[in-house]
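The values are calculated or read from the model by the stated rules, or taken from the named source; none is laboratory data. Just so we're clear, the structure is a prediction, and the values are computed from it rather than from any experiment. In this analysis, Cβ positions are derived from the backbone assuming ideal geometry, glycine residues included, and neighbour counts consider all displayed protein chains.
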Amino acid sequence: MIFYLTYNDLPSGIFSSQVIDVVKFLNDEIKSNVKLVSFISSRNFFNNRSKIKTEYPQAIVLPMFPGVHRWKYNTFLLGLLVFFKRPHTVIGRSVLATQLALKLKKKGKVRSVIYDGRGAIMAEWKEYGVITNTSMLNDIFELEKEVVTQSDYRIAVSNQLINYWQETFHYVSDKHVVIPCTLNKIFEEINILDSSSIELRKQLGLSNTDTVFIYSGSVAGWQSFGLLYDFIVPVLRLNATHRIIFLSDQDENIQRLKEEFNSQVFCEKVMQHEVAKYLLASNYALLIREESITNKVASPVKFAEYITCGLPVIISKKLGDYSDFVIQNKCGYLTDGFHIEAIDKKYLNKIGIDNFAKKQFLQSYSKLLNLNE
């Protein structure tokens, strides 16, 4: 048995596609015995546990010891679970999840630990105030260095993340695979010629001649709304048929845009399963973020979703592996080189499936899961 361990990750669209979908894939396609174990906050525990169990009934969902800075105290409960379930390997989806696994390995409770590296965690905490606890901020360098250098194997979401490990933690091993944020089933099975997108445009009051830009995701500070605003304002001013849809919560910045451009700006809060139809109804996707270490190593799942829905991506420079990917594969534009030009949707969809469907990483996942076989 293998544990896929998460710590302090609440149910969300990302959790569904990048945790639950991955565990299902490993069990269904590789026929592995992978058990999802999630430690979540005791705050609103039963509601969040129910959300995870509804989507994946086999998951084991446990309450965290209160306070992220007390993460070590969760070793005991995890140890009890390991004693009864007898996993030989733990895949940790975060620095702290992997730290818990390494503590059990040192006690001889598990044979191997795999670090599922989702980003440059120390940089993210400090650049965007993810954690404010002083002792955690002081400890994070050593905690992240240990999981990078002491794990038996590693998953990185980008080649840029590997470079970051090498430069920051003097990582010298070759025991890693690069697996980006992959598509969930909804997007893998999408029909980019679905006629419902035409109907949706009508419902929104969009004509066939309108050029629709779309942004899907959070408008929080780390998503760099200011840069997006500076890009889109001249585009909206250029032509009244240029429109933008935000698939996000209403926000004062979006409201400011709506006040300036009225009918050209839309903001829709939709369910995860509805996102695809809005993407299919659009012409261009926006992925604009500031230059930071966090963004330099990132693998935004939205990139994969945009491309697979046949959308050319307008992307900022130095965003993970994907600014270069856009140029090399002719599937979008850098922000300073954007111009209105159609790119074949079927071509873009194929690029998305070929590079971000989970089945494309079957060999990499098999290599990981066979470490102790």
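Structural remarks
- Some residue of the stretch 282-299 being of a type outside the set (Ser, Thr, Tyr) and over 19 Å from the mean Cα position of the chain (by Cα): yes
- Test: residue in the stretch 184-192 that is surrounded by 14 or more Cβ atoms within 10 Å (Cβ to Cβ) and in contact with a strand residue (DSSP E or B) (Cβ under 6 Å, 6 or more places away or on another chain): no
- Top-ranked residue in the stretch 111-121 [being hydrophobic (A, V, I, L, M, F, W, C) and buried (at least 23 other Cβ atoms within 10 Å of the Cβ); ranked as farthest from residue 290 (Cα to Cα)]: 113
- Criterion violated by residue 144 - all others in (1) free of Cβ contacts under 8 Å to residues at least 40 places away in the same chain; (2) surrounded by 19 or more Cβ atoms within 10 Å (Cβ to Cβ); (3) among the acidic types (Asp, Glu) satisfied: (1)
- Considering 3, 76, 25, 39, the condition of being at pLDDT below 95 and not charged (D, E, K, R) is satisfied by 25 alone.
- Within the stretch 193-210, being of a type in the set (D, E, K, R) and surrounded by 13 or more Cβ atoms within 10 Å (Cβ to Cβ) holds for 194, 201, 210.
Okay, residues lined up against (1) touching a strand residue (DSSP E or B) at 6+ places or on another chain (Cβ under 6 Å); (2) under 19 Å from residue 113 (Cβ atoms); (3) in the same structural domain as residue 9 (by TED's automatic domain parsing):
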{"residue": "136", "(1), (2), (3)": "no, no, yes"}
{"residue": "141", "(1), (2), (3)": "no, no, yes"}
{"residue": "157", "(1), (2), (3)": "no, yes, yes"}
{"residue": "164", "(1), (2), (3)": "no, no, yes"}
{"residue": "169", "(1), (2), (3)": "no, yes, yes"}
{"residue": "173", "(1), (2), (3)": "no, yes, yes"}
{"residue": "197", "(1), (2), (3)": "no, no, no"}
{"residue": "201", "(1), (2), (3)": "no, no, no"}
{"residue": "216", "(1), (2), (3)": "yes, no, no"}
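- Note on the stretch 164-183: among residues that are outside any helix (DSSP H, G or I) and hydroxyl-bearing (Ser, Thr, Tyr), the one that is surrounded by the fewest Cβ atoms within 10 Å (Cβ to Cβ) is 173.
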